[in-house]
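Since every read-out is calculated from the coordinates, none of them should be taken as a lab result. As the structure is a prediction and not an experimental result, all values here were calculated from the model. We place every Cβ from the backbone using ideal geometry, glycine too, and count neighbours over all the protein chains shown.
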């Protein structure tokens, strides 16, 4: 990708969420009729899809199924880990969603009958649908890393689902003695939020530099390359010399096993003893996708890039982190954009129309320090059954940007988060 020019950076500042909607086709609803749509998952994708559907066609009966009364956002949770932000700033309710006319069912979905077009809930309820939208997020592959199980996350937190794990990692860092080693295990692709481990390492480095300067971070990586790599590595060299070490796959960075009792992480070449170990495990689509029959052997969900319909089950669409979305990364902004495209497609399909091809935006900010932001952006469209980059439409922050631009992008990052969460939940 090319470096973002000043004009394009200004576009990112002002466009944020609203621009994604401008690139989407508008359904023709002259023959709008009532229909039943159930949406499972109250994150950025599911909530946006439910609200967008109701706004496109108020006659639709739209039900949002979510197990929790409060959503805790992952973007910006790395700031919570290092004490720059409160967890409460990440939490959002669904009151305004309900005011839009979306029915909210606070229960887990425990089963899906694609032939009967119904969803079974943990509270014993059953919901019928004409179209079902799944936005369930991710689960972890507990068999993907020897030694790492649900029982071990209190010793080696993943903090990859925001909430108590976020606070646990924060407490462990605060309790660590100066001179302690922090080890981050980054998984192979695909996984939720590709730049997330490196933003986390950056902010932990900032925390250590200012409070525990004898400490160090090692990133053990199951990849040879990562999102915004040159930007991150240039920033580490400038801001945190000697503090952050990245070990690539080809250099022996892939963690092959962990021992939570001994606090060790083993690779093909070495064993690392950590004072704090942040193990981000391999991931897959959440379990409800398996129950619905929409995930394939990869553990993720193939989709049609125009409608986000599953090719494996009729009348079911899959959004967000669970979907195989081609070049689009698994991010909050991507989830929001996909939700709008899917809602437009579903509204059109329910009246017998043919959905138009969308163009989708993703914008991702990362903080390397509180006043140092970097950006990557892309625009995507369907080609031969896949979502691919629109050539020349994306870009990254320039490598040689002055401190004033880095500070401006950090400010834009805050505006991006506030805009995204306000549109989704506000």
Is it possible to state the helix-based mean residue ellipticity at 222 nm for the chain, with each DSSP H run of 4+ residues giving -39500 (n - 2.57), the sum divided by total residues, to the nearest 500 deg cm²/dmol? What is it? -9000 deg cm²/dmol
Give the distance, in whole Å, between the Cα centre of the stretch 227-281 and the Cα centre of the stretch 101-165. 30 Å
Ordering of 282-292, 221-231, 318-328 by burial proxy (mean other Cβ atoms within 10 Å per residue, highest first): 318-328, 282-292, 221-231
Taking only Cα atoms, what is the 0 to 90° angle, nearest 10, from helix 403-425's long axis to the longest principal axis of the chain? 40 degrees
Considering only the stretch 150-279, percent of DSSP beta bridges that pair antiparallel, nearest 5: 35 percent
By how many degrees, between 0 and 90 and to the nearest 10, does the Cα long axis of helix 196-211 differ from the longest principal axis of the chain? 40 degrees
Can you tell me how the stretch 237-369 classifies by the Cα gyration tensor, rounded, prolate or oblate, using a/c under 1.5 as the rounded cut? prolate
Contour excess over end-to-end distance, with Cα ends at residue 174 and residue 403 and 0.36 nm allotted per residue: 79.6 nm
Between the stretch 310-332 and the stretch 338-352, what's the alpha-carbon centroid distance in Å? 14 Å
Normalised per residue, the volume inside the convex hull of the alpha-carbon atoms of the stretch 78-176 in Å³ amounts to 154 Å³
Largest first and in whole Å, give the semi-axes of the stretch 150-279's equivalent ellipsoid, each being the square root of 5 times a Cα gyration tensor eigenvalue. 19, 18, 15
Could you work out, for the chain, what percent of all Cα-Cα pairs fall into each 20 Å distance bin, beginning at 0 Å and stopping at the bin that holds the largest distance? 27, 57, 16, 0
Hey, what angle do you get for helix 229-239 against the long axis of the chain, alpha-carbon based, 0 to 90 degrees rounded to 10? 40 degrees
Expressed as a fraction of 2.2 N^0.38 Å, the rule-of-thumb size for a compact globular protein of N residues, what is the C-alpha radius of gyration of the stretch 292-339? 1.03
Provide the percentage of antiparallel DSSP beta bridges, counting only those with both residues in the chain; round to the nearest 5. 50 percent
Burial-style ranking of 155-162, 120-127, 98-105, average other-beta-carbon count within 10 Å with highest first, yields 155-162, 98-105, 120-127
log₁₀ I(q)/I(0) of the stretch 131-226 at q = 0.17, 0.20 Å⁻¹, via Debye over equal Cα point scatterers, no solvent, to two decimals? -0.86, -1.15
In square nanometres, what is one fourth of the surface area of the convex hull spanned by the alpha carbons of the stretch 312-426? 8.9 nm²
Cα-based Rg / Dmax (Å) for the stretch 21-155: 17.8, 58
Before anything else, pin down the relative contact order of the stretch 274-355: Cα pairs under 8 Å, at least 6 apart, normalised by residue count, whole percent. 22 percent
Of the beta bridges DSSP finds with both residues in the stretch 272-426, what % are antiparallel, to the nearest 5? 90 percent
